[in-house]
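**Student:** Quick one: the structure is below, and I'll ask about it shortly.
The values are calculated or read from the model by the stated rules, or taken from the named source; none is laboratory data. Computed from a predicted model, the values in this text were never measured in an experiment. Positions of Cβ are generated from backbone atoms using ideal geometry, with glycine treated the same way; all protein chains shown enter the neighbour counts. The area values use the complete protein model at the heavy-atom level, side chains included, leaving out ligands, DNA and RNA. Shrake-Rupley method; radii C 1.70, N 1.55, O 1.52, S 1.80 Å.
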Amino acid sequence: MKIEILGSGCKKCTNLAADVALVAKRLSISFELEKVTSMEQILDYGVMSTPAIVVDGVVMTAGNVPSQTEIEQLLNQASSC
């Protein structure tokens with residue numbers, strides 16, 4: 001599973017990346033995590049508000065920082081597709 005965290009690299013984005021990695025490890029999901037800070041790449045996803053989580057090319061959230069419980073639900077949803 002490829003997980004991308006879209007954002008400027010601010011503290012919220014960094015914390016979100018750490019939470020996503022923690023939850024994915026807890027769920028024993030094999031994943032690759034990438035932080036995307038390029039505005040051009042972020043806009044290519046149609047994201048206008050960051051931070052955002054993209055899983056396997058699909059934008060799962062944008063403009064908010066989900067809780068670890070919400071991240072778990074997102075990753076479970078993405079892995080079942």
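**Student:** Using a 1.4 angstrom probe on the protein heavy atoms only, line up Ser49, Ser28 by accessible area, largest first.
**Tutor:** Heavy-atom accessible area, descending, gives Ser28, Ser49.
**Student:** A further question on this structure: How much accessible area per residue does region 1-48 have, in Å², with a 1.4 Å probe? The partial results should precede the final answer.
**Tutor:** Numbers: 2890 Å² over 48 residues.
Value returned for region 1-48: 60 Å² of accessible area per residue.
**Student:** Please list Met48, Met60, Met39 from largest to smallest accessible area, probe radius 1.4 Å, with all protein chains kept in place.
**Tutor:** I get Met48, Met39, Met60, largest accessible area first.
**Student:** Further question on the same structure: Given H placed 1.01 Å from N in the peptide plane, which residues other than close sequence neighbours of Leu27 have an amide H under 5 Å from its amide H?
**Tutor:** So Leu27 has HN proximity to no qualifying residue.
**Student:** Could you calculate the FRET efficiency of Lys25 with Tyr45 from 1/(1 + (r/R0)^6), where r is the beta carbon distance between them and R0 is 25 Å, rounded to 0.05?
**Tutor:** Here the calculated transfer efficiency is 0.50.
**Student:** What distance in nm separates the two pseudo spin-label positions at Gln73 and Lys2, each 7 Å out from Cα along the beta-carbon direction?
**Tutor:** 2.7
**Student:** Further question: Would you check the accessible area of Val36, probe 1.4 Å, heavy atoms only, in square angstrom rounded to 10?
**Tutor:** The value for Val36 is about 0 Å².
**Student:** Here is a follow-up. Mind listing P(r) for the chain? All alpha-carbon pairs, 10 Å bins, whole percents.
**Tutor:** 20, 59, 20, 0
**Student:** In addition: Just to check I understand the Karplus step: with θ = phi - 60° and J = 6.51 cos²θ - 1.76 cosθ + 1.60, what whole-Hz values come out for region 31-47, glycine and proline as x?
**Tutor:** 8, 10, 10, 10, 9, 10, 10, 6, 4, 4, 5, 4, 5, 4, 7, x, 7
**Student:** Any chance you could give the angle, 0 to 90 degrees and rounded to 10, that helix 11-26 forms with the longest Cα principal axis of the chain?
**Tutor:** 20
**Student:** Next question, about the same structure. List, in order, the whole-Hz ³J(HN,Hα) value for each residue of region 50-64 obtained from phi through the Karplus relation with A = 6.51, B = -1.76, C = 1.60 and θ = phi - 60°; use x for Gly and Pro.
**Tutor:** Calculated HN-Hα couplings, in order: 10, x, 9, 10, 10, 10, 6, x, 10, 6, 9, 8, 8, x, 8 Hz.
**Student:** Along region 73-80, what does the Karplus equation 6.51 cos²θ - 1.76 cosθ + 1.60 (θ = phi - 60°) give for ³J(HN,Hα), rounded to whole Hz, x for Gly and Pro?
**Tutor:** Those phi angles translate into 4, 4, 5, 4, 4, 5, 6, 7 Hz.
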